[in-house]
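Have a look at the structure below before the remarks.
Computed from the coordinates by the stated procedures, all read-outs in this text should not be read as laboratory data. Predicted model, so just to flag it, every value in this text is computed and none were measured. FYI the Cβ positions are ideal-geometry reconstructions off the backbone, even for glycines, and counts take in every protein chain you see.
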Amino acid sequence: MLLLKMAFRNLWRRKFRTILTMIAIGFSYGLLLFFVQFTTGSHEGMINTGIRMQAGHIIVQGKGYSEEREITENIKDPEPVLQQIKDVVPDSDISERIFLTGSLSSSSGNTILDNLVGVNPAIEKKVSEIPGKIIKGDYLSGKKGEIVIGATAAKLLKVDLGMKVQLSISDVNGNIIRAALRVRGIFRTGGLSVDRGYALISLKQAQEMTKLGSAVTQLAIFSDLQSSERLTSKLKTKLNTAELEVLHWRDAMPMLAQMLWVDKISMYVFLFIILGIVSAGILNTVLMSVMERTREFGVLKSIGMSPWRIFMLIIYEALFTAIIAIFTGMILGLSLSYYLSIHGLDPAVFVEGEQGMEAAGIPMTNLMYSKVTLFSVVWTAISVIVLSVLSALPPSIRAFRIKPVKAVRDL
Amino acid sequence: MSKNIIKTQAVKKTFEQGKIKVRALRGIDLEIEEGEFTAISGPSGSGKTTLLNMIGCLDNPTSGQVEVAGKEVSKMTKTQMANLRLHKIGFIFQAYNLVPVLTAFENVELVLSLQGVEKKKRKEMCLDILEEVGLKELASRRPAEMSGGQQQRVAVARAVVAKPALILADEPTANLDSETGSKLLEMMRKLNKEHNITFLFSTHDKMVMDYSTRLISLSDGKVKDDILKQ
């Protein structure tokens, strides 16, 4: 107890130095906490956007579809598959989709569609981003003869609501099929390629034009992010057959997964740099303080304090410094993080003009929120504490080794 | 018959300072009995502090034997030496060397705390000894808030509180004026008599030599004179 008291009081012998060190550690920790929570939150946001635009938390598709994206690799009879999915994930929303490529033309021009999706509007309204991004008109009603296109495509084709456009796609036999569709809605996501090359028609329309019958190319399952991995493996054991494959969103959108991975690595590099600063701060302060007190440690050893107790005294000093700094930094980090978890950050602040922001084919125009979790607070705090103790080891060992006779002779 | 608290046999100590070998002790044979109040004097470089360091288990001799409280020191490990210092030896330094962040009470308490004495008993023992050295009222003061004499009295209390067999005092009066020094010596003599604690001083101070009951003079690392005054 007396040792703890000594350690705590020792911190304030050089108030200015200790406070400066605490500020440096606290500020670094606050930044680190904020950065971790903001990265986690913004990644989740990007994943959710990706999932809602292009896939689901889990997707089921025809085996081999991923390789060539040929509509011949489809799910021929979705009904029993849907039932099997419901057995494993009863609370999920499941959207049947047909992904196609094609072109759209009007009297004024034409554009390529990288993603023409045939959807069931009733379910898509619950799970997709697009219904919320409609800037003109409405989302699909489910009737045939309708199309929803992006704002850039509408501009290129010089079409507006209610006007007709001609859609050309290949059917399941490779024949070009054309249909004249009326523009029911125009959306804007802010992502350049999405606003130009993404369009929606009803599932029935897609099935008719492609002559797929009741087949679909994708069953997108929406549950939640946390349990998605577990549910994927459950579904895999049940549904991975010669015709079907089950993919986690990470495998369904490898570009996005890879981009997030790279971003996460850069977060860890940043984290490493910050922890390096913390480590240098602690090492410097503790080492200075040990060197200044060589005589004192000699005296303490002379009166019978064991080297281990001296060692622990230094470790406690580093611990107290880190803990106080962490609490201060926590206020800073959590305040910033909490603010952005409520109000979000508009990614438009990172880009100039009207240029859209897109990553891995997914528009990044939604507000980015940070995610405040107890887990992130705890693991970052523990990292800083462990690092502080490790940084205090060399000076502690130095103090441990001080020979009382030499220290006392320095009088 | 009193038993020996310190016994040294042919103690030699050589320091290497660069290429030069300094022979600080050249064969010291000494026997000090329990309850003695002994001063070791001699000019600078005569080996007083070195000898005190050997007896205080702070350093090992190059050759020879040192026995403290019946234990052969030169064969001890560092931990055993620390243990012997903690339980059998008290130290008083020229520069007081109190722990600056602890109060007078806590400085005295530190030794008992290291010995594992329970809190209630510690408090009782600390207050008793602080009263004995006349500092009970200043128990909550930190060293920086006390005069040199007061600090040295706290240092004496710290050295004495656990009733060690031996107290080693290296120039304890060197930083004090003669009146404060004299009071301190009187106090130590009283503790010596009342608790039968052996005091061994290294000193230049004539007053310390006058107070002591035995005077050992060192010269060039050897005992020159050994005078028993009683």
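Regarding the stretch A:1-93, what is the average projected area of its C-alpha convex hull, in nm²? Write out the running numbers ahead of the final one.
Details: hull surface 50.4 nm².
Over every viewing direction, the Cα hull of the stretch A:1-93 projects on average to 12.6 nm².
Give the Cα extents of the stretch A:168-211 along the principal axes, in whole Å, largest first.
The principal-axis extents, from largest down, are 35, 19, 16 Å.
Quick one: which of A:97-107, A:227-237 comes out on top by average Cβ neighbours within 10 Å, and what's the full order, highest first?
Ranking, from highest mean packing down: A:97-107, A:227-237.
Taking the Cα centre of the stretch B:80-157 as the origin and placing charges on Cβ (Lys, Arg +1; Asp, Glu -1), which of B:154, B:102, B:135 is farthest toward the positive end of the dipole?
Going by the charge dipole, the pick is B:102.
Taking the Kirkwood radius as the inverse of the mean 1/r across Cα pairs, report the Rg/Rh of the stretch B:32-131.
On the way: Rg = 15.8 Å, Rh = 15.7 Å.
Checking Rg against Rh, the ratio lands at 1.00.
May I have the pair-distance distribution P(r) for the stretch B:124-171, computed from all Cα-Cα distances with 5 Å bins from 0 and rounded to whole percent?
All Cα pairs considered, the percentages come to 5, 21, 33, 23, 14, 4, 0.
Considering the alpha-carbon set of the stretch A:72-199 alone, what are its Rg and its Dmax in angstrom?
Rg then Dmax for the stretch A:72-199, in Å: 15.5, 50.
Rounded to the nearest 5, what is the percent of antiparallel bridges among the DSSP beta bridges in the protein assembly as shown?
On the way: 67 of 95 bridges.
Among the beta bridges of the protein assembly as shown, antiparallel pairing accounts for roughly 70 percent.
Please list the helices of chain A that count as membrane-span-like by this rule: a mean Kyte-Doolittle hydropathy of at least 0.5 together with Cα atoms stretching 18 Å or more along the helix axis, each helix being a complete DSSP H run. Spell out each step's value before the answer.
Values: long enough: A:15-54 (57 Å, 0.62); A:254-292 (56 Å, 1.52); A:307-343 (53 Å, 1.46); A:374-401 (40 Å, 1.53).
Those that clear 18 Å and a mean of 0.5 are A:15-54, A:254-292, A:307-343, A:374-401.
Given C-alpha coordinates of the stretch A:179-288, what is the ratio Rg to Rh with the Kirkwood estimate of Rh?
Numbers: Rg = 23.6 Å, Rh = 19.4 Å.
My calculation puts Rg/Rh at 1.22.
Any idea what Rg and Dmax come out to for chain B if you just take the C-alpha atoms, in Å?
In order Rg, Dmax, the Cα atoms of chain B give 17.3, 54 Å.
Convex hull volume of the Cα atoms in the stretch A:134-221, per residue, in Å³? Please report the intermediate quantities before stating the final value.
Details: hull volume 9.6 nm³, N = 88.
That works out to 109 Å³ per residue.
Determine the shielding of peptide B:50-58 by partner chains: average, over its residues, the number of Cβ atoms on other chains within 10 angstrom of each Cβ. If you can, show how the numbers build up before the last one.
Values: counts 2, 0, 1, 5, 1, 0, 4, 4, 10.
Per-residue shielding by partner chains comes out at 3.
Over the whole of A:301-314, what's the average partner chain Cβ count within 10 Å per residue? Rounded to a whole number, please. Intermediate values should be presented prior to the final figure.
Values: counts 6, 13, 17, 18, 8, 6, 3, 2, 2, 0, 0, 0, 0, 0.
Neighbouring Cβ atoms belonging to other protein chains average 5 per residue here.
Under Stokes-Einstein, with the Kirkwood radius over Cα pairs standing in for Rh, what whole-number D in µm²/s applies to the stretch A:273-319 at 20 °C and 1.002 mPa s? List each step's numbers first, then the result.
Working: Rh = 11.6 Å.
The Stokes-Einstein estimate is 185 µm²/s.
Per the Kirkwood formula on distinct C-alpha pairs, the Rh of the stretch A:1-52 is how many angstrom? Spell out each step's value before the answer.
Values: mean 1/r = 0.0713 Å⁻¹.
About 14.0 Å, per the Kirkwood formula over Cα pairs.
About its Cα centre, how strong a charge dipole does chain A have in debye, to the nearest 20, once Lys and Arg get +1 and Asp and Glu get -1 at the Cβ? Write out the running numbers ahead of the final one.
On the way: 44 positive and 34 negative charges, 441 e Å.
Charge dipole, chain A, about its Cα centre: 2120 debye, nearest 20.
Using the Cα atoms of the stretch A:214-366, I'd like the radius of gyration and the largest Cα-Cα distance, Dmax, both in angstrom.
Rg and Dmax of the stretch A:214-366, Cα atoms, are 26.6, 90 Å.
Determine how many Å³ per residue the convex hull of the Cα atoms of the stretch A:82-154 encloses.
Given the Cα convex hull of the stretch A:82-154, per-residue volume reads 113 Å³.
Mean 1/r over all different Cα pairs, inverted: what Kirkwood radius does the stretch A:132-176 give, in Å?
Values: mean 1/r = 0.0810 Å⁻¹.
It works out to 12.3 Å.
Take the stretch B:72-141, compute every pairwise Cα distance, and split them into 5 Å bins from 0; I just need the percent in each bin.
That works out to 3, 14, 21, 24, 18, 10, 6, 3, 0, in percent per bin.
Could you calculate, for the stretch B:117-230, the ratio of the Cα radius of gyration to the Kirkwood radius, expressed as Rg to Rh? Walk me through the numbers on the way to the answer.
Details: Rg = 15.3 Å, Rh = 15.3 Å.
Ratio of gyration radius to Kirkwood radius: 1.01.
Bin by bin, in steps of 20 Å, what percent of the Cα pairs in chain A do you find, going until the bin that has the longest distance?
23, 38, 22, 14, 3
Helix-only mean residue ellipticity at 222 nm, chain A, DSSP H runs n ≥ 4 weighted -39,500 (n - 2.57), per residue, nearest 500. What is it? Spell out each step's value before the answer.
Details: 15 runs with 228 residues, N = 411.
Calculated mean residue ellipticity at 222 nm is -18000 deg cm²/dmol.
Taking only the alpha carbons of the stretch A:301-342, what extent do you get along each of the three principal axes, in Å, biggest first?
Principal extents (largest minus smallest coordinate, Cα): 58, 11, 6 Å.
At a temperature of 25 °C and a viscosity of 0.890 mPa s, determine how fast the stretch A:247-296 diffuses translationally according to Stokes-Einstein, using the Kirkwood radius over alpha-carbon pairs as Rh; express D in µm²/s, rounded to the nearest whole number. Walk me through the numbers on the way to the answer.
On the way: Rh = 14.0 Å.
The calculation lands on 175 µm²/s.
Give, rounded to the nearest 20 debye, the magnitude of the charge dipole that chain B has about its Cα centre when Lys and Arg contribute +1 at Cβ and Asp and Glu contribute -1 at Cβ. All intermediate terms of the calculation are to be shown ahead of the outcome.
Working: 34 positive and 29 negative charges, 136 e Å.
Dipole about the Cα centre, nearest 20: 660 debye.
Where the centre of each part is set by its Cα atoms, how far does the stretch A:130-160 sit from the stretch A:222-274, in angstrom?
Taking the Cα centre of each part, the stretch A:130-160 and the stretch A:222-274 sit 31 Å apart.
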